[in-house]
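The structure under discussion appears below in the form of structure tokens.
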Amino acid sequence: MSLTELKNRIKHIAYLEQEPMRRHTTFKVGGPCTLMALPSSVEECKACLLAAAEAGIRPIILGKGSNLLVADEGLPYFVIKPSKGMDTIQIDGNTIAAGAAVSLRLLAQSALDAGLTGLEFAHGIPGTLGGALVMNAGAYGGEMGDVVQSTQALTIMGKEITFTSEEHKFTYRHSIFADEAYLITGATLVLQPGDKAQIQTRMTELVEKRKTSQPLDYPSAGSTFKRPRDGFAAALIEQCGLKGTRIGGAQVSEKHSGFVINAGDATCADVLALMRLVQETVQRETGVALEPEVKILK
């Protein structure tokens, strides 16, 4: 079955053709994908997955694209991006049930409004709940694995499945969803009652920390490299004199060396070349092999 036939099978679902991926990544880099479906419900997600399976096509599941670098040539693929309708939030006591497409910022704000603590760290992370679960997103001492009770997902054949506790296999910036093909539809989080004023103060503190230490004025995918076993990527990169290094439109941030930023019309090729330069230099001068935290699609 061709992508044209696949499109006909999902014509009741919102979709885009030859959609520039730069519109769907925080790096603002990437050529067009052949077909992008925008399901607004679990049933529509199932329909997309089943159509893809029948076509013999392995789809790419997309959140906000805050950890992605996409090839300049684009993706000759079928992309599924859970959208409006899958961004619901329901709060019952200290439990939050939320859809995969909800932003972490809104999720953290909703927790604050309900007087629940535990998601302050997530307020400034530019991603969706689904994407955050895939990579066990975290910051400032907190991560998704600390607060997630269960996750609802679909297999590539559209079968509903629920993961609980250890089944998530959460580790540093990693989960079972990073290794196996699932489409996350939502999750249940358990937080703790807290003082709203204290929660707000903590969130404000973390926002200010981000503003003063991270290059938020430029497109990026956050931390470009994972934290090595000993030390920090940013410190190693700066130690090697790479701060501010630029290739084309890609630059090692002068504000935070752990970020490769799109300093102006960067291409995927620019970013990859700069990442390779950083890795090779750090390896040669310190003996440390930096592993990309950003996911590369090409």
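The values are calculated or read from the model by the stated rules, or taken from the named source; none is laboratory data. In this text the structure is predicted, and so the values were computed from the model without any measurement. Positions of Cβ are generated from backbone atoms using ideal geometry, with glycine treated the same way; all protein chains shown enter the neighbour counts.
Restricting the search to strands (runs of 3 or more DSSP E) fully inside region 244-298 and requiring at least 1 residues that are of a type in the set (Val, Ile, Thr) and surrounded by fewer than 18 Cβ atoms within 10 Å (Cβ to Cβ) gives 295-297. Residue check: Ile60 meets all listed conditions (1) within 28 Å of Arg276 (Cα to Cα); (2) at pLDDT 95 or above; (3) among the β-branched types (Val, Ile, Thr) but one, namely (2). From the set of residues in region 1-35 that are at pLDDT below 95 and part of a helix (DSSP H, G or I), which is surrounded by the most Cβ atoms within 10 Å (Cβ to Cβ)? Filtering region 1-35 for residues that are at pLDDT below 95 and part of a helix (DSSP H, G or I), the one surrounded by the most Cβ atoms within 10 Å (Cβ to Cβ) comes out as Leu6. Residues of region 126-140 that are surrounded by fewer than 24 Cβ atoms within 10 Å (Cβ to Cβ) and in contact with a strand residue (DSSP E or B) (Cβ under 6 Å, 6 or more places away or on another chain): Asn136 alone.
Determine whether region 204-218 contains at least one residue that is touching a Lys or Arg at 6+ places or on another chain (Cβ under 8 Å) and more than 23 Å from Thr26 (Cα to Cα). No, because not a single residue in region 204-218 is touching a Lys or Arg at 6+ places or on another chain (Cβ under 8 Å) and more than 23 Å from Thr26 (Cα to Cα).
Would you be able to say whether some residue in region 237-255 is within 20 Å of the chain's Cα centre (by Cα) and in contact (Cβ under 8 Å) with a residue 40 or more places away in the chain? No, that holds for no residue.
A residue that is surrounded by fewer than 19 Cβ atoms within 10 Å (Cβ to Cβ) and not in a loop (DSSP other than H, G, I, E, B) can be found somewhere in region 36-43. Annotation note: Cβ proximity below 6 Å between a residue of region 54-65 that is touching a residue at least 24 places away in the same chain (Cβ under 8 Å) and a residue that is among the polar types (S, T, N, Q) (sequence gap 6+ or interchain) occurs for Gly63/Thr128; Lys64/Thr128; Gly65/Thr25.
Any residue at all in region 82-99 that is in contact with a Phe, Trp or Tyr (Cβ under 9 Å, 6 or more places away or on another chain) and buried (at least 22 other Cβ atoms within 10 Å of the Cβ)? Among the residues of region 82-99, not one is in contact with a Phe, Trp or Tyr (Cβ under 9 Å, 6 or more places away or on another chain) and buried (at least 22 other Cβ atoms within 10 Å of the Cβ), which makes the answer no. Filter region 202-225 for residues that are of a type outside the set (S, T, N, Q) and either in contact (Cβ under 8 Å) with a residue 40 or more places away in the chain or touching a Cys at 6+ places or on another chain (Cβ under 9 Å) (or both) and give the result. Of everything in region 202-225, those that are of a type outside the set (S, T, N, Q) and either in contact (Cβ under 8 Å) with a residue 40 or more places away in the chain or touching a Cys at 6+ places or on another chain (Cβ under 9 Å) (or both) turn out to be Arg202, Met203, Leu206, Val207, Lys209, Arg210, Pro215, Tyr218, Pro219, Ala221, Gly222, Phe225.
Annotation: of all residues in region 158-197 being of a type in the set (Lys, Arg) and surrounded by 15 or more Cβ atoms within 10 Å (Cβ to Cβ), the one that is modelled with the highest pLDDT is Lys169.
Looking across region 141-157 at every residue that is modelled with pLDDT under 95 and under 26 Å from Pro39 (Cβ atoms), the one that is surrounded by the fewest Cβ atoms within 10 Å (Cβ to Cβ) is identified as Met157.
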